[in-house]
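The values are calculated or read from the model by the stated rules, or taken from the named source; none is laboratory data. As the structure is a prediction and not an experimental result, all values here were calculated from the model. Using ideal geometry, Cβ is built from the backbone for each residue, glycine included, and neighbour counts are taken over all protein chains shown. For accessibility, only protein heavy atoms count, side chains too; no ligands or nucleic acids. Shrake-Rupley method; radii C 1.70, N 1.55, O 1.52, S 1.80 Å.
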Amino acid sequence: MSDLQNAWKNEKVFQKQLEFNLKELEHRAKYPPHWEACISLIEHFKPESILDIGCGCGALSEVFFKEFPKIKYTGMDYSEDAIELAKRTWRTQDFHVKNVMDLTEEDLDYDLILAGALFDVMPNGDEAMEHIMKICSSSLLISRMKLTESQSYYTTYTAYDEIETCAYYHNKYKFVDLCEKYSYEIHSVHDNIYLVKK
């Protein structure tokens, strides 16, 4: 499992991710569905500050700069290579290296915590998601979430022809129970789930 946990520390994968994202950023019509869903949910709930955990190469910072120029954006990833690439590429320098499992309540002082492509590529997706729910006092947006009626599980696949990583499926009943346990209301657009504290 440790190899899967460290899979996204590969510099080449973020270079390829960036190349892909730059093409998507050429025109709004090229935005992927999960970006459009994020934009729709943010337009509705209007957070003023966002912490993007597992930000990778940081492309969402540019999406938000274009669509919501007044939002305060901060990106965070456990990969030093990803953060260095993000700082070299985008307008903001507000990117930081930190592992999601090391985050504390003090780290999450934002209106919205965004897990854009995080819990779905972790072998301990349920554990990481509950850790954030437990310490988060603000809203949480989980993008590209895969739910299943079976017990939570993951499969593996090759990403960007560079790394073996996970496709994590969360048990939907456990997810609903966690939302109730940590006092979240569930709002969604497709597989993007916006959780609002009750």
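Odds and ends about this structure:
- Residue under evaluation Leu18, criteria (1) surrounded by 14 or more Cβ atoms within 10 Å (Cβ to Cβ); (2) at pLDDT below 95, criterion not met: (2)
- Among the residues making up segment 149-172, a single one is in contact with a Phe, Trp or Tyr (Cβ under 7 Å, 6 or more places away or on another chain), without any contact (Cβ under 8 Å) to a residue 40 or more places away in the chain and surrounded by fewer than 17 Cβ atoms within 10 Å (Cβ to Cβ): Tyr153.
- In segment 173-198, the qualifying residues are those that are surrounded by fewer than 18 Cβ atoms within 10 Å (Cβ to Cβ) and among the polar types (S, T, N, Q), and the one that is farthest from the chain's Cα centre (by Cα) is Ser183.
- Matching residues in segment 1-15 - criterion: being surrounded by 12 or more Cβ atoms within 10 Å (Cβ to Cβ) and either touching a residue at least 60 places away in the same chain (Cβ under 8 Å) or basic (Lys, Arg) (or both): Leu4, Gln5, Ala7, Trp8, Lys9, Asn10, Glu11, Lys12, Val13, Phe14, Gln15
- Evaluation of Gly116 against (1) open to solvent by 20 Å² or more (accessible area, probe 1.4 Å); (2) in contact (Cβ under 8 Å) with a residue 60 or more places away in the chain; (3) at negative phi (one fails), failing number: (1)
- Of the residues making up segment 128-145, those that are open to solvent by less than 50 Å² (accessible area, probe 1.4 Å) and assigned to a loop (DSSP other than H, G, I, E, B) number 4.
- Matching residues, segment 38-84, being out of contact with any helix residue (DSSP H, G or I) (no Cβ under 6 Å at 6 or more places or on another chain), touching a residue at least 40 places away in the same chain (Cβ under 8 Å) and part of a loop (DSSP other than H, G, I, E, B): Pro47, Glu48, Gly54, Cys55, Tyr78
- One residue alone among Asp102, Asp77 is within 24 Å of Met145 (Cβ to Cβ) and surrounded by fewer than 17 Cβ atoms within 10 Å (Cβ to Cβ), and that residue is Asp102.
- Scanning segment 21-58 for residues that are among the charged types (D, E, K, R), open to solvent by 80 Å² or more (accessible area, probe 1.4 Å) and out of contact with any strand residue (DSSP E or B) (no Cβ under 8 Å at 6 or more places or on another chain) yields Lys23, Glu26, Arg28, Lys30, Glu43, Lys46.
- Filter result for Ile186 (closer than 26 Å to Ser40 by Cβ, free of Cβ contacts under 8 Å to residues at least 12 places away in the same chain and among the hydrophobic types (A, V, I, L, M, F, W, C)): yes
- For the criterion of being among the hydrophobic types (A, V, I, L, M, F, W, C) and surrounded by fewer than 18 Cβ atoms within 10 Å (Cβ to Cβ), Phe64 fails.
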